[in-house]
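Report on one structure; see the data block that follows.
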Amino acid sequence: MECCSHKTKERSADEYKSLINRLNRIEGQIRGIKGMVEKDAYCTDILVQVSAVNAALNAFNKELLSNHIKTCVAQDIRDGKDETVDELVATLQKLMK
């Protein structure tokens, strides 16, 4: 089981690779949007690309949150650290703004 704390988390190689790949794709999408603005692309075309980036960020958040619950949260609950549930609830509230 990966080690978790409120400061760091050791991720498996697969989890790390998946998250980094998602972020690299998002970074490329952002650069593409910047290029569209620089080339005076039509507003609607840019908005569609921004929507795609938002969807990609949401997918990243879902994967990260799922991994967090399955590792850190589950382990903390097993260890009797009930404050982790409060932290998770607060995090979910921030994500759902």
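What to note about this one:
- CD proxy at 222 nm, helix term only [per DSSP H run n ≥ 4: -39500 (n - 2.57); per residue of the chain; nearest 500]: -24500 deg cm²/dmol
- Overall, the ratio between the Cα radius of gyration of the range 13-95 and 2.2 N^0.38 Å, rounded to two decimals, is 1.47.
- Across Lys7/Lys94; Lys34/Lys94; Lys62/Lys97; Lys7/Lys97; Lys9/Lys70, pairs whose alpha-carbon gap is larger than 21 Å: Lys34/Lys94; Lys7/Lys97
- Relative contact order for the chain, counting Cα pairs under 8 Å that sit 6 or more residues apart, in percent: 29
Read the figures in this text as sums done on the coordinates, not as results from a lab. Here the structure is a predicted model, which is why all the values come from computation and not from measurement.
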